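See below for the structure under consideration.
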Amino acid sequence: MAELLQILISGLSSGAIYALAAVGFTLLWQASQTINFAQGEFVMLPAFFVLAGMTLFGLPLWAAILTAFVLSIVILGAMFKKLVVEPMLPHGTMPLVIATIALGLLMKESVKEFYSAQGQPFPSLFPQHVMNVFGASVSVQDLCNLAVAFAAIIALQLFLQRTRTGRAMQATAQDPRVAEILGVDVKRMVMYTFLINGALAAIASILISPVYLAKFSNGETLGMIAFIAAIVGGFNQIRGALVGGLLIGVLDNLAAVYISAEYRTAIPLILLIVIIMVRPQGIMGTSEGRTV
């Protein structure tokens, strides 16, 4: 029982970080029907912003994190929308998908070329201690990662539901034409969505990099898992992305311990196939009458 509890907490910790990236997929799809296949690289890059700030400019950790957070919002949010999405979106979904794939490759190869091809140790924000929880040895870092990821998602939900701007963003996602008729600045609301995605990517990057190292190739796995989590949970529901991320994180850890670590990468794909066959709209998704 203690071992199972340890596995579950570790899985929830990883899953909550996957959920942050999956929520980004969902937000961009809701706001502008954008599927960002560079989302994994968006999560990979902020960690290197932090490392560059510390090693090249001599910034302390918290200053480097703050700088990386701002750069992520500007580069992965505003510039991504202005330089990639806006020019490509009028040409349809497929050119935009190709553009985001190309962007992901560019980001990955740029980090490999200009920073390092080797995995880089990343400083942890939290103590590396282990504590006893009902007989299970649980990492304090896992608990803190879980708490921070949940806090970010809850804060986002409260923002969307309890603030005027958040409700305007939801109206834009549901029907931009009607929202514009009602006086909503649709372009601004869409921009806010991209900025939020950049912030979520930065949080996910800072939380997961101390666990898996900062590597140029991290985006490949993170992007795939986040995309699958969004589909499994429901591509049009933030809560669905959260459920999908947590489910994949837990199943991944259970498979690694009780089946084989060699097959753990297949678990998200198997789960995706099952969900598509049984409930194509996802666990918490609703049918929209269009193909995602």
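The values are calculated or read from the model by the stated rules, or taken from the named source; none is laboratory data. Predicted model, so just to flag it, every value in this text is computed and none were measured. Cβ atoms come from the backbone with ideal geometry, glycine included; neighbour counts cover every protein chain shown.
Below are the figures for this structure:
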item	result
Residues of region 90-112 that turn out to be surrounded by 17 or more Cβ atoms within 10 Å (Cβ to Cβ) and not small (Gly, Ala, Ser), as a count	6
Of all residues making up region 62-96, the number that are free of Cβ contacts under 8 Å to residues at least 40 places away in the same chain and either polar (S, T, N, Q) or not in a helix (DSSP H, G or I) (or both)	2
Leading residue by the ranking (farthest from the chain's Cα centre (by Cα)) among those in region 183-217 that are over 15 Å from Met169 (Cβ atoms) and polar (S, T, N, Q)	Ser217
Long-range neighbours under 6 Å by Cβ, at least six apart or interchain, first residue over 11 Å from Val232 (Cα atoms) within region 269-292, second of a type in the set (Phe, Trp, Tyr) and at pLDDT below 90	Val292/Phe235
Single condition Ile275 does not satisfy, out of (1) buried (at least 16 other Cβ atoms within 10 Å of the Cβ); (2) farther than 12 Å from Ile231 by Cβ; (3) not aromatic (Phe, Trp, Tyr)	(2)
Per-region count, region 33-48, residues buried (at least 22 other Cβ atoms within 10 Å of the Cβ), more than 13 Å from the chain's Cα centre (by Cα) and either assigned to a helix (DSSP H, G or I) or not β-branched (Val, Ile, Thr) (or both)	2
Single unsatisfied condition, Phe194 versus (1) out of contact with any Phe, Trp or Tyr (no Cβ under 8 Å at 6 or more places or on another chain); (2) crowded, with 21+ Cβ neighbours inside 10 Å; (3) more than 21 Å from Val148 (Cβ to Cβ)	(1)
Single residue of region 143-168 satisfying the filter (over 19 Å from the mean Cα position of the chain (by Cα) and either among the β-branched types (Val, Ile, Thr) or surrounded by 12 or more Cβ atoms within 10 Å (Cβ to Cβ) (or both)) that is farthest from Ile35 (Cα to Cα)	Thr163
Considering residues of region 113-142 that are in contact with a strand residue (DSSP E or B) (Cβ under 8 Å, 6 or more places away or on another chain) and surrounded by 14 or more Cβ atoms within 10 Å (Cβ to Cβ) only, the residue nearest to Ala204 (Cα to Cα)	Phe122
Exclusive hit being acidic (Asp, Glu), in a helix (DSSP H, G or I), within 17 Å of the chain's Cα centre (by Cα) and surrounded by fewer than 22 Cβ atoms within 10 Å (Cβ to Cβ), set Glu262, Glu220	Glu220
Residue within region 230-252 that is outside any helix (DSSP H, G or I) and farther than 21 Å from Gln30 by Cβ present	no
Qualifying residue in region 2-11 (condition: crowded, with 22+ Cβ neighbours inside 10 Å and touching a residue at least 40 places away in the same chain (Cβ under 8 Å))	yes
Failed item, numbered, when Ser205 is tested on (1) at pLDDT 95 or above; (2) surrounded by fewer than 21 Cβ atoms within 10 Å (Cβ to Cβ); (3) hydroxyl-bearing (Ser, Thr, Tyr)	(2)
Residues satisfying the stated conditions in region 178-217, i.e. farther than 30 Å from Pro127 by Cβ and not in a helix (DSSP H, G or I)	Leu182, Gly183, Val184, Asp185
Number of the condition not met by Pro123 [criteria: (1) assigned to a loop (DSSP other than H, G, I, E, B); (2) in contact with a Lys or Arg (Cβ under 9 Å, 6 or more places away or on another chain); (3) not acidic (Asp, Glu)]	(2)
